[in-house]
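First comes the structure, then the notes that go with it.
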Amino acid sequence: MSQRLVLVVLGKQGAGKGTQCALLSERYGIPHVSTGDILRAAVKAGTPVGLEVKEVLDRGELVSDDLIMRLIEERLEQADATGGALLDGCTRTIGQAEALENLLGPEGVSLVVNIEVPTELVTERLSSRRVCQECGSIYTDTDVSAVSGTCEKCGGDVVQRADDTPEAIATRLAAYERDTRPLLDFYAERGLLVEIDGNQDVAAVSNSIHEVLVGRGLL
Ligand code: AMP
């Protein structure tokens, strides 16, 4: 890859952002940067940031733009992000999108992919989602790793996320509609937005994204 590829991946909770970013990260050799994963790791480790955000996360509300931008700035300065990054779950508000533009410059974001999936389907996916607490692998409740509670990839504990409860799911989807959906216009105005149908199988979604990147000359 000749240029720095910074891909912002948008979509409702449960649209498949994490799954797609993990696949694309492997394919392109650039890091999958998930603000949700960074925050959950901080909660688990009991750091000051973790203690500050735990309840906000559990309720399904958004943490402050300032904190998110501090985390993103630190992460993008790390050596493995020199060639780019797949930003999963950031940006999530207009404030974050403006701050990211200031941080990286007007050409800093290469493309924004919105994975669109109907609300009923994401609600179903989130309710049956299980995750590995160690490596972040995502399963559904009928997968062997979810049933056994042990991740087939790393041996870590596979659990239901604290914010995948019906109340927190409803709060998160409302936050998406209120705070994140307006970003689609923000990025469309900059000619950066691409819509991807997320109601296809995982490989098909991944290939759709890949084709767009190739078509735009970004790979
Ligand atoms: P996710 O794993 O992306 O669903 O994020 C889990 C939770 O982390 C969210 O419900 C928010 O509480 C918090 N979070 C993650 N990314 C952001 C962000 N960019 N802005 C605000 N809060 C965030």
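Here are the numbers for the structure shown:
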quantity: Some residue of the stretch 98-106 being under 24 Å from Glu26 (Cβ atoms), away from the ligand (no atom under 14 Å from the Cβ) and either of a type outside the set (Asp, Glu) or open to solvent by less than 20 Å² (accessible area, probe 1.4 Å) (or both); calculated: yes
quantity: Residues (more than 8 Å from the ligand (Cβ to nearest atom) and either open to solvent by 80 Å² or more (accessible area, probe 1.4 Å) or not hydroxyl-bearing (Ser, Thr, Tyr) (or both)) located in the stretch 44-58; calculated: Lys44, Ala45, Gly46, Pro48, Val49, Gly50, Leu51, Glu52, Lys54, Glu55, Asp58
quantity: The stretch 59-74, residues that are under 26 Å from Leu218 (Cβ atoms) and either within 12 Å of the ligand (Cβ to nearest atom) or open to solvent by less than 30 Å² (accessible area, probe 1.4 Å) (or both); calculated: Ile68, Met69, Leu71, Ile72
quantity: Filter result (among the aliphatic types (A, V, I, L, M) and open to solvent by 70 Å² or more (accessible area, probe 1.4 Å)) within the stretch 194-213; calculated: Val202
quantity: Helices (runs of 4 or more DSSP H) fully within the stretch 131-219 counting 3 or more residues that are within 19 Å of the chain's Cα centre (by Cα); calculated: 166-175, 182-189, 202-215
quantity: 1 or more residues free of Cβ contacts under 8 Å to residues at least 12 places away in the same chain and under 25 Å from Glu177 (Cα atoms): qualifying helices (runs of 4 or more DSSP H) within the stretch 14-96; calculated: 48-59, 65-76
quantity: Residue in the stretch 75-82 that is surrounded by fewer than 18 Cβ atoms within 10 Å (Cβ to Cβ) and of a type in the set (Val, Ile, Thr) present; calculated: yes
quantity: Candidates Arg216, Arg181, Arg130, Arg190, filtered to the one that is exposed (fewer than 15 other Cβ atoms within 10 Å of the Cβ), among the basic types (Lys, Arg) and within 16 Å of Gln13 (Cα to Cα); calculated: Arg181
quantity: Failed condition for Gly89, given (1) of a type in the set (Gly, Ala, Ser); (2) closer than 21 Å to Glu116 by Cα; (3) at pLDDT 95 or above; calculated: (3)
quantity: Hits in the stretch 144-171 (condition: out of contact with any strand residue (DSSP E or B) (no Cβ under 6 Å at 6 or more places or on another chain), open to solvent by less than 60 Å² (accessible area, probe 1.4 Å) and among the acidic types (Asp, Glu)); calculated: Asp163
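The values are calculated or read from the model by the stated rules, or taken from the named source; none is laboratory data. Note that the structure is predicted; figures quoted are calculated from it, not measured. Methodologically, a virtual Cβ is constructed for each residue, glycine included, from the backbone with ideal geometry; neighbour enumeration extends over all protein chains shown. Surface accessibility is based on the protein's heavy atoms, side chains included, excluding ligands, DNA and RNA. Shrake-Rupley method; radii C 1.70, N 1.55, O 1.52, S 1.80 Å.
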